[in-house]
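Encoded as structure tokens, the structure appears first; notes follow it.
Just so you know, all these numbers are worked out from the coordinates, no wet-lab data involved. Bear in mind that the values here come from a model prediction, so they are computed numbers and not experimental data. Don't worry about glycine lacking a Cβ; one is built from the backbone with ideal geometry, like all the others, and counts go over all protein chains shown.
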Amino acid sequence: MSDMQNNQGENAAGWMDPGKQNAQLVYILYLVGLAIGISVIVGVVFAYINRGKSAGWIDTHYTYAIRTFWIGLLYSLICMVLAIVGIGFLLMIAVLVWYVIRCIKGIQVLTRNEPVANVDTWLV
């Protein structure tokens, strides 16, 4: 096997192994999920599988991503119920902005090699 093929295999494994690259992949899958919904499911599965298997500061990112998924799902369901009244559609835009901000915040903090400051927040 050539060196180039070997390096590509190592890089692919790095994205799947618990750690910084995989946490980054989770955030990216969440953002791609805005266009391709199934990627969010793949991202949350990666977060669940890899949480507890890497450094403590990276685990905060997995927990933050998992909470982003579940809280976002709850907020979306509330918006669907409120759509009957007519205000749900406006709130869904707010949930979308909240979701994107949480993902971008997670990526920014991850690139600085820092833990998420307040993992338990329901806001940003």
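The phi torsions of segment 16-21, fed into the Karplus equation with coefficients 6.51, -1.76 and 1.60 and a -60° offset, translate into couplings of 8, 6, x, x, 4, 5 Hz, rounded to whole numbers, with Gly and Pro shown as x. For Cα Rg over 2.2 N^0.38 Å, computed directly from the structure shown, the correct entry in [x] 1.18; [y] 1.32; [z] 0.95 is [x].
By how many nm would the segment from Ile101 to Tyr48 lengthen if fully extended, with 0.36 nm per residue of separation less the alpha-carbon distance?
17.0 nm
For segment 52-110, just say rounded, prolate or oblate: build the C-alpha gyration tensor, square-root its eigenvalues into a ≥ b ≥ c, call rounded for a/c under 1.5, and beyond that prolate if a/b exceeds b/c, oblate if not. It is oblate, given that a/c is not under 1.5 and a/b is not larger than b/c. Coupling constants for segment 48-59 follow from the phi torsions by the Karplus curve (6.51 cos²θ - 1.76 cosθ + 1.60, θ = phi - 60°), and in residue order they are 5, 5, 9, 5, x, 10, 9, 4, x, 5, 6, 4 Hz; glycine and proline get x. Full extension of the chain segment joining Ala55 with Ile28 gains 7.7 nm, where the gain is 0.36 nm per residue of separation less the Cα-Cα distance. The phi-based Karplus calculation (6.51 cos²θ - 1.76 cosθ + 1.60; θ = phi - 60°) puts the 3J(HN,Hα) values of segment 86-99 at x, 8, x, 5, 5, 5, 5, 5, 5, 5, 4, 5, 4, 4 Hz, whole numbers, x for Gly and Pro. Between the amide H of Leu34 and any residue lying 5 or more places away or on another chain, no distance stays under 5 Å, with hydrogens modeled in the peptide plane. Between Val81 and Leu123, the FRET efficiency estimated from the beta carbon spacing at R0 = 22 angstrom works out to 0.60. Our estimate of slack between Ile38 and Asp17, defined as 0.36 nm per intervening residue step minus the Cα-Cα distance, is 5.5 nm.
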